[in-house]
Structure formats: structure tokens, C-alpha cells
1. Convex hull over the Cα atoms of region 30-124, averaged projected area in nm²?
2. Between residue 97 and residue 46, how many nm apart are label points set 7 Å from Cα along the C-beta direction?
3. Rounded to the nearest 20 debye, what is the charge dipole size of region 30-124 about its Cα centre when +1 sits on each Lys and Arg Cβ and -1 on each Asp and Glu Cβ?
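All of the numbers you see were taken from the coordinates with simple rules; none came from a lab. Keep in mind the model is a prediction, meaning the values are calculated, not measured. Here the Cβ positions follow ideal geometry from the backbone for every residue, glycine too, while neighbour counts run over all protein chains shown.
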Amino acid sequence: MEPNTPNAPSAPAPAAPTPNQPMPSKNQNTAMAVLAYILFFVPLLTGDAKKDPYVKYHTKQGLVLFLLAVALNVIDWIMPSYYLWYTINSLLSLGMLVLLVIGIVNAVNGKQQPLPLIGQFEKYFKF
């Protein structure tokens, strides 16, 4: 059926915002939220971004990811270079890269969704 025929079902018209409901807007601090996964401390040094709960959330997620990377590197430094440990370390590093990408995608899309496996640890950081 063609969309212009009278028998075609019509799609519902988008609802107009009511005066009491604000228009949804794109978060202004998305760049800072993305930067929080790469250099977690930079949003803490800025004026507006450190007060924004959205940026704070992603900064805490980035901090957890950073601390996991530090712990993995310390363990790698302590452990002898066995083939099995090298394989495990490579898989964990790849997993951290995947978590980094998931966090950045969530920040770009405006979501405050915790990272898998490690996201719940952000609640222990207060700033």
C-alpha cells in the first residue's frame, strides 16, 4: 500500500511539549563526560563541569576504570612474564578497552549507565 492512499494507517503525530514540560536538550557537557574516560581528572579542574551531576557520574566511572588499569599494571610488574599471565593480561587489557568504548558511547548518547562488572564501584567516590 502506498502511504497516500486513504486506507493506509497513519503514524501518530508527535506530541507537542506542554508549557510545563521543558524541551529535551542535548547535554552541554558531553565533551567533558567523554574526556572523563580518557583523563578523569580534567573535568574536576573545570568550573561548570565539576558541578554537573552528569559529568561527575562519568568522571567517577572513568576513575574506576583508571584505578583498574593501574592495578593491572602493578600486578603485571610484579608477576613474572609467564606465557599464561601474558595471555590473561592481554585479555584483561582488551576487556578494559571494551569498557572504555562502552563508557564513551554512553557519555555521547547521554546515558548514565554503569559500566559492566566495575560500574557499581563508582558509588564509593564522593566529589
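1. 6.2
2. 2.7
3. In total the dipole reaches around 240 debye.
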